[in-house]
Amino acid sequence: MELLSLQNISVAYEKNLILKDFNLHIQEGELISLLGPSGCGKTTTLRLIAGFLEAKDGKFMFKGKDYTRVPVNKRNFGFVFQSYALFPHMTVYDNVAYGLRLRKVDQSQIAKRVQEMLEVVDLKGFEKRFPGELSGGQRQRVAIARALVIQPDLLLFDEPLSNLDANLRVNMRVEIRRIQKQLGITTVYVSHDQEECFSISDKVAIMNKGIIEQLDAPSTIYKYPTTEFVARFIGFNNFIEYGEMHNDGSVVTLHGAEGTRLEVSHRSGHPLTDSMKGAIRPDDLLVATDSECAEGVGGLTAAELASGLNVINGSVKISTFLGRSYQYVVDTPLGEFTVNREMEQPFDRGTTVKLVLPREKVVLVQSSK
Amino acid sequence: MKEKHRGLALFTTLVFIFLLGPLFIIMATSFGDSTVLKFPPEGFSFRWYKNIFDVEMFMTTFKVTIVVALAGNLIALLIGVPAAYALSRFNFKGKGLLNTIFISPILIPGVVLGFTMLKYLVVTFNLPIYTSLLIGHVVLMLPFIIRVIASSLSNFDYAVEEAAMSLGASRLKTFFTVVLPNIRSGLIAGVLLAFLESFNNVDISVFMTGPGVSTLPIQMLTYVENYFDPTIAAISVLLMAVTALLMFSIERLMGLSYFTKNN
């Protein structure tokens, strides 16, 4: 069931339009991440949902009601800040109890619910401490307890882990996901850390310049980015641009000059437009010598390769040792390509090689202008 | 830099003597026994301290000074706290101008300010002297209150206020339960500083005194015009003591560096 929707929302900061005609729909119970480079509008979107910002245009619907003009203190959403934002003059207990006291819950109920919540975040016994006496991870857990104890209708996270060190970050994100599932609470999570978003979310929205480029399950985004921006963002470093496109159902073919072609297995439901590019990760792209190609490489036969199908000629420009593998930057008539290959003896600079693109590893993406 | 600079040490000593010497002379003379200000003092007595309490005008003007400083402080707080909050938390048109207006009493010479107030408050609007004196001191105190509180607010993470609001607190509730407890030391420092500013003020008060209404510093001036006994030295020592005590409290509360920072 749809819980909330942003409809044609515009947000301006001073004279800059940060969000324009923005749309987002969130289902009940899911954890959705907003991911993107800084300045993409993800925090703005979150703050708009929270009620810290007002939309210039558009509508914010929540549980079928118009929430566009509902002030932040009447929304009953929990918000967890990057800076924790605990009340420095209050104990852990008072911090967590703050929202309940405002709701005039009676003392014994407050005590019970605060205890329960401190148990959920594993902070029993810390009631009398002040925020200044806690570590970063503990503070953030108090902040989460404080946001959860009011039984919010929606939970919002603004880069909650970016002030923590790497190990703690991994533990905390597992914790956050566990608590979110345990309580079944709809959550919007903002981060610029790709791994973090992918590991905890039901869905990820990749944002760029105030629009959502793609909204999908993490595994779908990882395997099948739909736009050039998303592809670049998640590590598809190589793009192939050919002229004409031909679609015969299960296979899409892009035609280049002098008979060169790129065949890509086509996923049903994936929309095709005229400006598509092939994209492939450095780990999936193959680099081979002429003699290797004569025996067929990456599911393509020698004859196919010889006819210019899914192959690009080039020469090694830079070779870098990565430990497990070597990374090559290969100069080709279509530009530079990055490719990784595990091998004992690396190619020398200037070696003539062929780049082979396996059909099922290439993804067609909408090119960004 | 362990190297010793004899010249520098000598120079520093001279500066200290220059700055503090007169204060020591005043202190010494206040305990003298002769009827004129004299240094070195002759004899030793507390009679001039006792004399302060015998001169009725000192006591009445002292009361006026205290009442004006306290009441003015309260009014300055009622105006200054919301103003400081708005200036540090919101962006609006004319913010820079408003900021300048609130700070301007520090920049404008006190005599000019005092004279202008005399002209408008007393002459044009015909307000009672006591009221004019109070208004003058509110204007005098406002910049200190605003600056110190704005400075406290700028050190306080706005996200904490947002957190309170997201938990259901209104802006006002947030201010009283979350902001105020955390800027308390700044608030107290601002109050003390403004109090001192008002308590020791001469240049505005001098225009706002009339029959029956005068402040202690003005009364001291008047006294010196007529008498030249060490009573004035004794009062000065007491005023220095009060000022030093208050400054010490401010320093303990938030550090004097607070006021030298540009904010």
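Summary of computed values
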read-out	value
Per-residue HN-Hα couplings for the stretch A:123-130 [Karplus 6.51, -1.76, 1.60; θ = phi - 60°; Hz; x = Gly/Pro]	10, 5, x, 9, 3, 8, 6, 9
Fluctuation leader among B:Leu167, B:Leu134, B:Leu238 - chain B, Gaussian network, Cα springs under 10 angstrom	B:Leu167
Burial order of peptide ranges A:184-197, A:120-133, A:154-167 (average beta-carbon count within 10 Å, highest first)	A:184-197, A:154-167, A:120-133
Protection-proxy order for peptides A:105-111, A:200-206, A:59-65, each taking the mean of Cβ atoms within 10 Å per residue, highest first	A:200-206, A:59-65, A:105-111
Shielding by partners - mean other protein chain Cβ count within 10 Å, residues of A:79-90	5
Whole-number Å³ per residue for the convex hull built on Cα positions in chain B	189 Å³
Ranked A:Asp248, B:Asp203, criterion: other C-beta atoms within 10 Å, fewest first	A:Asp248, B:Asp203
DSSP beta bridges in the stretch A:2-229 [antiparallel fraction, %, rounded to 5]	55 percent
Proximal lysines relative to A:Lys361, as straight alpha-carbon distance under 19 Å, when same-chain residues fewer than 8 apart are discounted	A:Lys223, A:Lys277
Taking B:Ile250, A:Ile144 and counting other C-beta atoms within 10 Å, the order from fewest to most	B:Ile250, A:Ile144
Amide H partners (placed H, <5 Å) of A:Phe79, local residues excluded	A:Leu156
Likely footprinting exposure, B:Thr60, A:Thr226, fewest C-beta neighbours within 10 Å first	B:Thr60, A:Thr226
q = 0.09, 0.15 Å⁻¹: log10 I(q)/I(0) that the Debye formula gives for the stretch B:112-263, counting C-alpha atoms only	-0.43, -0.91
Computed over the protein assembly as shown, Cα set: Rg, Dmax in Å	36.8, 122
J(HN,Hα) series, the stretch B:215-225, from Karplus relation 6.51 cos²θ - 1.76 cosθ + 1.60, nearest Hz, glycine and proline x	9, 4, x, 5, 4, 4, 4, 4, 4, 5, 4
Under-5 Å amide H pairs with A:Ile18, H placed in peptide plane, nonlocal only	A:Val11, A:Ala12, A:Tyr13
Quotient of C-alpha Rg and 2.2 N^0.38 Å, computed over the stretch A:237-366	1.04
Unsatisfied cross-links (Cα-Cα over 29 Å) in the set A:Lys42/A:Lys63; B:Lys63/B:Lys119; A:Lys20/A:Lys181	A:Lys20/A:Lys181
Evaluated over the stretch A:89-144, the Cα radius of gyration and Dmax, each in Å	10.6, 31
Dimensionless Rg over Rh [the stretch A:122-189; C-alpha; Kirkwood]	0.95
16 Å Cα-Cα reach of A:Lys65 towards lysines, excluding residues that sit fewer than 8 places from it in its own chain	A:Lys74
Karplus (6.51, -1.76, 1.60) ³J(HN,Hα), θ = phi - 60°, over the stretch B:186-191, in Hz, Gly and Pro reported as x	x, 4, 5, 4, x, 4
Stokes-Einstein D (µm²/s) once Rh is taken as the Kirkwood radius of chain A over alpha-carbon pairs, at 37 °C in 0.692 mPa s	140 µm²/s
For chain A, built as a Gaussian network whose Cα springs stay under 10 Å, the top-fluctuating residue of A:Tyr326, A:Tyr224, A:Tyr93	A:Tyr326
If the convex hull is drawn through the Cα atoms of the stretch B:73-119, its volume per residue in Å³	93 Å³
Considering only the protein assembly as shown, percent of DSSP beta bridges that pair antiparallel, nearest 5	75 percent
Whichever lysines have a C-alpha closer than 16 Å to that of A:Lys317, once near sequence neighbours (fewer than 8 apart) are set aside	A:Lys354
Given chain B, longest segment not containing exposed loop trypsin sites (Lys or Arg not before Pro) (DSSP; at most 12 other Cβ within 10 Å)	B:94-260
Loop chymotrypsin sites (Phe, Trp or Tyr not before Pro), the stretch B:1-94 (other Cβ atoms within 10 Å of the site Cβ: 14 or fewer; DSSP)	B:Phe44, B:Phe46, B:Phe90, B:Phe92
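Laboratory data are not the source of any read-out in this text; all were calculated from the coordinates shown. Keep in mind that what you see is a predicted model, and the values were worked out from it rather than measured. Here Cβ is always computed from backbone atoms with ideal geometry, including for glycine, and neighbour counts include all displayed protein chains.
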